[in-house]
Amino acid sequence: MFEHVETYPGDPILSLMDDYQRDPRTDKVNLSIGFYYDDAGQVPVLGSVRQARALLDTRAESANLYLPMDGLPDFRRAVQGYLFAEADCERIVTLQSVGGSGALRVGADFLKRYYPDSQVWVSDPTWDNHLAIFQGAGFAVNRYPYLDGSGQQVDFPAMLEVFARLPANSIVLLHACCHNPTGVDLQPQHWDALYALFHERRLIPFLDAAYLGLGQGLDEDAYAIRALARAGITGLVSNSFSKVFSLYGERVGSLSVVCDNVAIAARVAGQLKGTVRTNYSNPPRHGAQLVATIFANSELSALWRSELDGMRERMLAMRRALFERIEPGLEVGYLLRQRGMFSYTGLSAEAVDRIREKHGVYLIRSGRMCVAGLNSSNLDAVARALSDH
Ligand code: LMR
(Lines give C-alpha, C1' and ligand atoms only; values in the text may rest on other atoms or scores of the structure.)
Protein backbone atom coordinates (compact mmCIF):
# COMPACT_ATOMS: atom_id res chain seq x y z
CA MET A 1 0.00 0.00 0.00
CA PHE A 2 2.85 2.39 0.68
CA GLU A 3 5.04 1.10 -2.11
CA HIS A 4 5.02 4.52 -3.78
CA VAL A 5 6.33 6.38 -0.71
CA GLU A 6 9.59 8.09 -1.66
CA THR A 7 12.68 8.23 0.53
CA TYR A 8 12.75 11.38 2.68
CA PRO A 9 15.88 13.25 1.59
CA GLY A 10 16.35 14.51 5.15
CA ASP A 11 16.62 18.04 6.47
CA PRO A 12 19.92 19.73 5.60
CA ILE A 13 20.48 20.87 9.19
CA LEU A 14 19.08 18.00 11.26
CA SER A 15 20.64 15.29 9.05
CA LEU A 16 24.04 16.86 9.51
CA MET A 17 23.53 16.78 13.26
CA ASP A 18 22.93 13.01 12.99
CA ASP A 19 26.15 12.64 10.96
CA TYR A 20 28.03 14.66 13.57
CA GLN A 21 26.78 12.43 16.37
CA ARG A 22 27.84 9.30 14.47
CA ASP A 23 31.33 10.71 13.74
CA PRO A 24 33.77 8.78 16.01
CA ARG A 25 36.48 11.50 15.99
CA THR A 26 37.00 12.93 19.46
CA ASP A 27 38.26 16.29 18.16
CA LYS A 28 35.22 16.92 15.92
CA VAL A 29 33.67 20.40 16.12
CA ASN A 30 29.98 21.12 15.62
CA LEU A 31 29.43 24.48 13.91
CA SER A 32 26.31 23.29 12.09
CA ILE A 33 22.97 23.39 13.93
CA GLY A 34 22.01 26.53 15.85
CA PHE A 35 22.83 25.39 19.37
CA TYR A 36 24.50 27.79 21.76
CA TYR A 37 27.43 26.02 23.44
CA ASP A 38 29.39 27.56 26.32
CA ASP A 39 33.16 27.80 26.43
CA ALA A 40 33.35 24.27 27.85
CA GLY A 41 31.54 22.99 24.76
CA GLN A 42 28.30 22.29 26.67
CA VAL A 43 24.78 23.44 25.85
CA PRO A 44 24.21 25.28 29.15
CA VAL A 45 21.36 25.05 31.61
CA LEU A 46 20.87 28.74 32.43
CA GLY A 47 21.02 29.68 36.12
CA SER A 48 17.71 31.54 35.74
CA VAL A 49 16.10 28.40 34.32
CA ARG A 50 17.56 26.22 37.08
CA GLN A 51 16.15 28.58 39.74
CA ALA A 52 12.77 28.78 38.00
CA ARG A 53 12.64 24.97 37.95
CA ALA A 54 13.43 24.87 41.67
CA LEU A 55 10.68 27.43 42.35
CA LEU A 56 8.18 25.39 40.36
CA ASP A 57 9.17 22.28 42.33
CA THR A 58 8.31 23.99 45.63
CA ARG A 59 4.74 24.63 44.53
CA ALA A 60 2.05 22.23 45.70
CA GLU A 61 1.72 19.34 43.30
CA SER A 62 -1.20 19.78 40.95
CA ALA A 63 -2.81 17.58 38.35
CA ASN A 64 -1.09 17.80 34.98
CA LEU A 65 -4.10 19.08 33.07
CA TYR A 66 -4.14 20.28 29.47
CA LEU A 67 -3.27 23.90 28.90
CA PRO A 68 -5.82 26.01 27.00
CA MET A 69 -5.47 25.78 23.21
CA ASP A 70 -3.60 29.10 23.15
CA GLY A 71 -1.33 28.18 26.05
CA LEU A 72 -0.54 29.42 29.53
CA PRO A 73 -2.16 32.84 30.16
CA ASP A 74 0.74 34.15 32.33
CA PHE A 75 3.18 33.14 29.64
CA ARG A 76 1.19 34.86 26.90
CA ARG A 77 0.94 38.12 28.84
CA ALA A 78 4.64 38.12 29.73
CA VAL A 79 5.66 37.36 26.15
CA GLN A 80 3.71 40.37 24.90
CA GLY A 81 5.70 42.62 27.23
CA TYR A 82 8.95 40.99 26.12
CA LEU A 83 8.22 41.32 22.42
CA PHE A 84 6.24 44.53 22.17
CA ALA A 85 7.33 46.47 25.30
CA GLU A 86 5.22 49.62 25.53
CA ALA A 87 2.90 48.89 22.60
CA ASP A 88 -0.85 48.73 23.06
CA CYS A 89 -1.25 44.96 23.38
CA GLU A 90 -5.06 44.99 23.38
CA ARG A 91 -5.08 44.54 19.61
CA ILE A 92 -2.25 41.99 19.61
CA VAL A 93 -3.06 38.29 19.91
CA THR A 94 -0.30 36.09 21.34
CA LEU A 95 -0.53 32.35 21.68
CA GLN A 96 1.97 29.85 22.99
CA SER A 97 3.33 27.57 20.28
CA VAL A 98 5.36 24.41 19.89
CA GLY A 99 8.66 26.20 19.36
CA GLY A 100 9.25 28.80 16.65
CA SER A 101 8.52 26.27 13.91
CA GLY A 102 5.11 25.56 15.44
CA ALA A 103 4.39 29.30 15.45
CA LEU A 104 5.34 29.57 11.79
CA ARG A 105 3.10 26.65 10.90
CA VAL A 106 0.07 27.84 12.86
CA GLY A 107 0.53 31.30 11.32
CA ALA A 108 0.88 29.78 7.85
CA ASP A 109 -2.26 27.63 8.25
CA PHE A 110 -4.22 30.64 9.49
CA LEU A 111 -3.06 32.81 6.57
CA LYS A 112 -3.82 30.06 4.04
CA ARG A 113 -7.38 29.92 5.29
CA TYR A 114 -8.02 33.65 4.94
CA TYR A 115 -5.69 34.43 2.01
CA PRO A 116 -5.77 31.21 -0.02
CA ASP A 117 -4.57 32.94 -3.20
CA SER A 118 -1.64 34.82 -1.65
CA GLN A 119 1.94 33.80 -2.24
CA VAL A 120 4.81 33.87 0.23
CA TRP A 121 8.15 35.64 -0.26
CA VAL A 122 11.24 34.61 1.69
CA SER A 123 14.76 36.02 1.59
CA ASP A 124 17.36 34.41 -0.66
CA PRO A 125 18.94 32.74 1.26
CA THR A 126 16.85 31.82 4.29
CA TRP A 127 16.46 29.02 6.83
CA ASP A 128 15.54 25.95 4.72
CA ASN A 129 12.58 25.10 6.91
CA HIS A 130 10.89 28.43 6.11
CA LEU A 131 10.30 27.20 2.57
CA ALA A 132 9.22 23.76 3.73
CA ILE A 133 6.77 25.06 6.35
CA PHE A 134 4.98 27.49 4.02
CA GLN A 135 4.95 25.01 1.15
CA GLY A 136 3.61 22.42 3.58
CA ALA A 137 0.75 24.82 4.37
CA GLY A 138 -0.05 24.93 0.64
CA PHE A 139 1.58 28.22 -0.37
CA ALA A 140 3.69 28.93 -3.44
CA VAL A 141 6.95 30.26 -1.97
CA ASN A 142 9.15 32.74 -3.88
CA ARG A 143 12.47 34.34 -3.00
CA TYR A 144 13.40 38.00 -2.78
CA PRO A 145 17.02 39.18 -3.07
CA TYR A 146 18.74 39.82 0.25
CA LEU A 147 22.49 40.33 -0.08
CA ASP A 148 24.35 42.45 -2.62
CA GLY A 149 27.12 41.14 -4.86
CA SER A 150 29.70 41.44 -2.08
CA GLY A 151 27.68 38.96 -0.06
CA GLN A 152 28.29 41.20 2.94
CA GLN A 153 25.51 43.75 2.90
CA VAL A 154 21.78 43.86 2.48
CA ASP A 155 20.77 44.92 -1.03
CA PHE A 156 17.93 47.07 0.21
CA PRO A 157 17.08 48.77 -3.12
CA ALA A 158 16.73 45.34 -4.76
CA MET A 159 14.44 44.15 -1.96
CA LEU A 160 12.28 47.26 -2.21
CA GLU A 161 12.01 46.92 -5.94
CA VAL A 162 10.59 43.42 -5.60
CA PHE A 163 8.20 44.34 -2.79
CA ALA A 164 6.95 47.39 -4.70
CA ARG A 165 5.67 45.07 -7.44
CA LEU A 166 3.95 42.45 -5.26
CA PRO A 167 0.17 42.11 -5.38
CA ALA A 168 -1.77 43.19 -2.27
CA ASN A 169 -1.93 40.58 0.51
CA SER A 170 1.36 38.95 -0.46
CA ILE A 171 3.05 37.52 2.62
CA VAL A 172 6.66 38.61 3.20
CA LEU A 173 8.74 36.62 5.65
CA LEU A 174 11.51 38.62 7.33
CA HIS A 175 14.05 37.77 10.01
CA ALA A 176 13.58 40.23 12.89
CA CYS A 177 17.29 40.02 13.77
CA CYS A 178 20.33 37.73 13.47
CA HIS A 179 19.40 36.69 9.94
CA ASN A 180 19.74 32.93 9.46
CA PRO A 181 21.97 31.99 7.66
CA THR A 182 23.82 35.21 6.80
CA GLY A 183 24.19 37.12 10.09
CA VAL A 184 23.49 40.32 8.09
CA ASP A 185 20.56 42.36 9.40
CA LEU A 186 18.28 45.19 8.30
CA GLN A 187 18.78 48.49 10.15
CA PRO A 188 16.03 50.60 11.82
CA GLN A 189 15.77 52.94 8.82
CA HIS A 190 15.20 49.90 6.58
CA TRP A 191 12.38 48.63 8.78
CA ASP A 192 10.69 52.05 8.80
CA ALA A 193 10.86 52.25 5.01
CA LEU A 194 9.59 48.67 4.64
CA TYR A 195 6.58 49.23 6.87
CA ALA A 196 5.64 52.40 4.98
CA LEU A 197 5.75 50.41 1.73
CA PHE A 198 3.85 47.47 3.23
CA HIS A 199 1.17 49.87 4.41
CA GLU A 200 0.87 51.44 0.98
CA ARG A 201 0.90 48.12 -0.91
CA ARG A 202 -1.16 46.19 1.68
CA LEU A 203 1.48 43.49 2.14
CA ILE A 204 1.53 41.18 5.15
CA PRO A 205 4.84 41.02 7.05
CA PHE A 206 5.61 37.82 8.96
CA LEU A 207 8.61 38.34 11.24
CA ASP A 208 10.53 35.36 12.55
CA ALA A 209 12.48 36.03 15.75
CA ALA A 210 14.47 33.07 17.02
CA TYR A 211 17.52 34.96 18.32
CA LEU A 212 16.30 38.12 20.08
CA GLY A 213 19.12 39.52 22.18
CA LEU A 214 21.89 37.55 20.51
CA GLY A 215 22.63 40.24 17.89
CA GLN A 216 23.03 43.75 19.33
CA GLY A 217 21.03 43.41 22.56
CA LEU A 218 17.42 42.66 23.40
CA ASP A 219 15.95 46.12 22.80
CA GLU A 220 17.98 46.75 19.64
CA ASP A 221 17.06 43.31 18.27
CA ALA A 222 13.36 43.87 19.01
CA TYR A 223 13.26 47.07 16.93
CA ALA A 224 11.57 45.41 13.95
CA ILE A 225 8.85 43.88 16.13
CA ARG A 226 8.10 47.03 18.12
CA ALA A 227 8.17 49.21 15.00
CA LEU A 228 5.65 46.84 13.39
CA ALA A 229 3.25 47.40 16.28
CA ARG A 230 3.79 51.18 16.02
CA ALA A 231 3.39 51.28 12.25
CA GLY A 232 -0.35 50.67 12.36
CA ILE A 233 -0.20 47.72 9.97
CA THR A 234 -1.27 44.13 10.40
CA GLY A 235 1.44 41.51 10.70
CA LEU A 236 2.56 38.30 12.36
CA VAL A 237 5.52 37.54 14.62
CA SER A 238 6.82 34.07 15.47
CA ASN A 239 9.39 33.71 18.19
CA SER A 240 11.31 30.93 19.84
CA PHE A 241 12.69 30.50 23.34
CA SER A 242 14.92 27.59 22.30
CA LYS A 243 18.18 29.52 21.96
CA VAL A 244 17.64 32.53 24.21
CA PHE A 245 16.61 30.42 27.23
CA SER A 246 18.55 27.30 26.15
CA LEU A 247 15.27 25.37 26.28
CA TYR A 248 15.50 23.55 22.94
CA GLY A 249 13.75 20.33 23.89
CA GLU A 250 10.90 22.06 25.74
CA ARG A 251 9.56 23.35 22.41
CA VAL A 252 8.47 26.71 23.67
CA GLY A 253 7.69 29.62 21.39
CA SER A 254 4.85 31.93 20.51
CA LEU A 255 2.90 33.43 17.64
CA SER A 256 1.60 37.00 17.76
CA VAL A 257 -0.75 38.66 15.33
CA VAL A 258 -0.89 42.45 15.34
CA CYS A 259 -4.46 43.38 14.36
CA ASP A 260 -6.19 46.66 13.50
CA ASN A 261 -8.42 46.73 16.54
CA VAL A 262 -9.60 44.83 19.61
CA ALA A 263 -12.69 43.33 17.96
CA ILE A 264 -10.69 41.86 15.10
CA ALA A 265 -8.07 40.61 17.56
CA ALA A 266 -10.75 38.68 19.46
CA ARG A 267 -11.92 36.92 16.29
CA VAL A 268 -8.36 36.19 15.16
CA ALA A 269 -7.60 34.76 18.62
CA GLY A 270 -10.57 32.42 18.30
CA GLN A 271 -9.61 31.19 14.83
CA LEU A 272 -6.00 30.65 15.93
CA LYS A 273 -7.27 28.47 18.75
CA GLY A 274 -9.24 26.50 16.19
CA THR A 275 -6.08 26.08 14.10
CA VAL A 276 -4.25 24.72 17.14
CA ARG A 277 -7.10 22.41 18.14
CA THR A 278 -7.13 20.71 14.75
CA ASN A 279 -3.35 20.46 14.72
CA TYR A 280 -2.00 19.41 18.16
CA SER A 281 -4.87 20.47 20.43
CA ASN A 282 -2.84 22.39 23.01
CA PRO A 283 0.82 23.10 23.72
CA PRO A 284 3.09 21.52 26.36
CA ARG A 285 3.14 23.02 29.83
CA HIS A 286 6.59 22.84 31.36
CA GLY A 287 8.73 25.10 29.15
CA ALA A 288 6.12 27.86 29.20
CA GLN A 289 5.94 27.63 33.00
CA LEU A 290 9.71 28.09 33.22
CA VAL A 291 9.69 31.15 30.95
CA ALA A 292 6.64 32.66 32.69
CA THR A 293 8.24 32.12 36.12
CA ILE A 294 11.37 33.97 35.01
CA PHE A 295 9.45 36.87 33.46
CA ALA A 296 7.28 37.19 36.59
CA ASN A 297 10.23 37.47 38.96
CA SER A 298 12.39 40.59 38.70
CA GLU A 299 15.51 38.91 40.14
CA LEU A 300 15.24 35.95 37.79
CA SER A 301 14.52 38.27 34.86
CA ALA A 302 17.64 40.30 35.63
CA LEU A 303 19.69 37.11 35.93
CA TRP A 304 18.34 35.86 32.61
CA ARG A 305 19.10 39.20 30.92
CA SER A 306 22.70 38.99 32.13
CA GLU A 307 22.95 35.39 30.92
CA LEU A 308 21.59 36.43 27.53
CA ASP A 309 24.13 39.27 27.39
CA GLY A 310 26.83 36.78 28.33
CA MET A 311 25.93 34.49 25.43
CA ARG A 312 26.03 37.38 22.98
CA GLU A 313 29.33 38.72 24.30
CA ARG A 314 30.95 35.30 24.23
CA MET A 315 29.97 34.86 20.59
CA LEU A 316 31.40 38.28 19.75
CA ALA A 317 34.64 37.38 21.52
CA MET A 318 34.80 34.12 19.55
CA ARG A 319 34.26 35.99 16.28
CA ARG A 320 37.19 38.26 17.11
CA ALA A 321 39.39 35.40 18.30
CA LEU A 322 38.78 33.33 15.18
CA PHE A 323 39.37 36.35 12.97
CA GLU A 324 42.75 36.93 14.62
CA ARG A 325 43.79 33.31 14.17
CA ILE A 326 43.11 33.09 10.44
CA GLU A 327 46.16 33.61 8.33
CA PRO A 328 46.39 36.93 6.49
CA GLY A 329 45.19 36.76 2.92
CA LEU A 330 41.96 34.91 3.68
CA GLU A 331 38.97 37.25 3.55
CA VAL A 332 37.22 36.64 6.87
CA GLY A 333 36.13 40.19 7.73
CA TYR A 334 32.58 38.82 7.70
CA LEU A 335 33.28 37.34 11.13
CA LEU A 336 33.50 40.84 12.59
CA ARG A 337 30.72 42.41 10.54
CA GLN A 338 28.01 39.78 10.96
CA ARG A 339 25.96 39.30 14.13
CA GLY A 340 24.14 36.56 15.97
CA MET A 341 24.68 32.82 16.01
CA PHE A 342 25.59 32.49 12.36
CA SER A 343 28.18 33.65 9.88
CA TYR A 344 28.02 33.14 6.18
CA THR A 345 31.50 32.10 5.14
CA GLY A 346 31.05 32.11 1.39
CA LEU A 347 32.55 28.58 1.28
CA SER A 348 31.17 26.30 -1.41
CA ALA A 349 29.35 23.08 -0.50
CA GLU A 350 32.39 21.14 -1.76
CA ALA A 351 34.74 23.13 0.48
CA VAL A 352 32.41 22.51 3.45
CA ASP A 353 32.50 18.77 2.63
CA ARG A 354 36.31 18.76 2.48
CA ILE A 355 36.59 20.61 5.80
CA ARG A 356 34.23 18.12 7.43
CA GLU A 357 35.98 15.07 5.99
CA LYS A 358 39.52 16.23 6.60
CA HIS A 359 39.21 18.15 9.86
CA GLY A 360 35.96 16.98 11.47
CA VAL A 361 34.66 20.57 11.50
CA TYR A 362 30.95 20.62 10.65
CA LEU A 363 29.38 23.58 8.84
CA ILE A 364 26.10 23.66 6.91
CA ARG A 365 26.63 23.03 3.19
CA SER A 366 25.34 26.53 2.38
CA GLY A 367 28.57 27.78 3.99
CA ARG A 368 26.82 28.76 7.23
CA MET A 369 28.92 28.52 10.37
CA CYS A 370 27.36 28.51 13.85
CA VAL A 371 29.80 30.73 15.75
CA ALA A 372 28.12 29.68 19.01
CA GLY A 373 29.97 26.35 18.66
CA LEU A 374 33.39 28.03 18.86
CA ASN A 375 35.29 27.86 22.16
CA SER A 376 38.81 28.48 23.42
CA SER A 377 39.72 24.81 22.94
CA ASN A 378 38.59 24.44 19.33
CA LEU A 379 39.49 27.87 17.88
CA ASP A 380 42.91 26.78 16.64
CA ALA A 381 41.54 23.68 14.98
CA VAL A 382 38.76 25.65 13.29
CA ALA A 383 41.21 28.33 12.12
CA ARG A 384 43.43 25.57 10.64
CA ALA A 385 40.47 23.92 8.94
CA LEU A 386 39.27 27.19 7.39
CA SER A 387 42.76 27.91 6.11
CA ASP A 388 43.22 24.42 4.64
CA HIS A 389 40.54 23.03 2.42
C1 LMR B 1 19.23 26.19 12.88
O2 LMR B 1 18.96 26.93 11.94
O3 LMR B 1 20.27 25.53 12.95
C4 LMR B 1 18.26 26.08 14.01
O5 LMR B 1 17.19 26.95 13.86
C6 LMR B 1 17.85 24.69 14.32
C7 LMR B 1 16.89 24.11 13.33
O8 LMR B 1 15.83 23.64 13.76
O9 LMR B 1 17.18 24.09 12.14
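The values are calculated or read from the model by the stated rules, or taken from the named source; none is laboratory data. Note that the structure is a prediction, hence the values are computed from the model and not measured. Here the Cβ is made from the backbone with ideal geometry for all residues, glycine too, and neighbour counts use every protein chain on show. Heads up: the accessible areas ignore ligands, DNA and RNA and are worked out on the full protein's heavy atoms, side chains in. Shrake-Rupley method; radii C 1.70, N 1.55, O 1.52, S 1.80 Å.
Please indicate, with yes or no, whether at least one residue in segment 307-315 is in the same structural domain as residue 215 (by the TED database) and free of Cβ contacts under 8 Å to residues at least 40 places away in the same chain. Within segment 307-315, none of the residues are in the same structural domain as residue 215 (by the TED database) and free of Cβ contacts under 8 Å to residues at least 40 places away in the same chain. Could you check, for segment 16-23, whether at least one of its residues is outside the structural domain of residue 256 (by the TED database), part of a loop (DSSP other than H, G, I, E, B) and at pLDDT 95 or above? Yes, segment 16-23 contains at least one residue that is outside the structural domain of residue 256 (by the TED database), part of a loop (DSSP other than H, G, I, E, B) and at pLDDT 95 or above. With respect to the numbered conditions (1) in contact with a Cys (Cβ under 8 Å, 6 or more places away or on another chain); (2) among the aliphatic types (A, V, I, L, M); (3) within 16 Å of the ligand (Cβ to nearest atom), which one is the sole condition not fulfilled by residue 92? All conditions pass for residue 92, except number (3). Against the list (1) at pLDDT 95 or above; (2) within 16 Å of the ligand (Cβ to nearest atom), the condition residue 139 fails is (2).
Checking 98, 79 one by one, the residue that is within 16 Å of the ligand (Cβ to nearest atom) and either in contact with a helix residue (DSSP H, G or I) (Cβ under 9 Å, 6 or more places away or on another chain) or not assigned by the TED database to the domain that holds residue 285 (or both) is 98 and no other. Provide a single number: the residues in segment 45-62 that are open to solvent by less than 80 Å² (accessible area, probe 1.4 Å) and outside any loop (DSSP other than H, G, I, E, B). The qualifying residues number 7.
Residues in segment 237-267 that are of a type in the set (A, V, I, L, M) and either within 25 Å of residue 312 (Cβ to Cβ) or buried (at least 20 other Cβ atoms within 10 Å of the Cβ) (or both): 237, 244, 247, 252, 255, 257, 258.
Per-residue answers, yes or no, for (1) surrounded by 15 or more Cβ atoms within 10 Å (Cβ to Cβ); (2) within 12 Å of the chain's Cα centre (by Cα); (3) within 16 Å of the ligand (Cβ to nearest atom):
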{"position": "177", "(1), (2), (3)": "yes, yes, yes"}
{"position": "184", "(1), (2), (3)": "yes, no, yes"}
{"position": "199", "(1), (2), (3)": "no, no, no"}
{"position": "213", "(1), (2), (3)": "yes, yes, yes"}
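Looking across segment 12-44, the residues that are hydrophobic (A, V, I, L, M, F, W, C), more than 10 Å from the ligand (Cβ to nearest atom) and open to solvent by less than 50 Å² (accessible area, probe 1.4 Å) come down to 29, 31. Residue 67 meets each of the listed conditions (1) out of contact with any helix residue (DSSP H, G or I) (no Cβ under 7 Å at 6 or more places or on another chain); (2) open to solvent by 70 Å² or more (accessible area, probe 1.4 Å) apart from (2).
Close Cβ contacts (under 6 Å, 6 or more residues apart or on different chains) running from residues in segment 246-275 that are more than 19 Å from residue 225 (Cβ to Cβ) to residues that are crowded, with 18+ Cβ neighbours inside 10 Å and of a type in the set (Gly, Ala, Ser) comprise 247/287; 248/242; 250/287; 251/99. Among the residues making up segment 262-296, those that are among the aliphatic types (A, V, I, L, M) and under 18 Å from residue 52 (Cβ atoms) are 288, 290, 291, 292, 294, 296. Would a scan of segment 249-261 turn up a residue that is away from the ligand (no atom under 16 Å from the Cβ) and assigned to a helix (DSSP H, G or I)? No; the residues of segment 249-261 include none that is away from the ligand (no atom under 16 Å from the Cβ) and assigned to a helix (DSSP H, G or I). Filtered by the rule that a residue be touching a Leu at 6+ places or on another chain (Cβ under 9 Å) and aromatic (Phe, Trp, Tyr), segment 229-261 gives 241, 245. Per the listing 96, 80, the residue uniquely assigned to a helix (DSSP H, G or I), within 19 Å of the chain's Cα centre (by Cα) and not basic (Lys, Arg) is 80.
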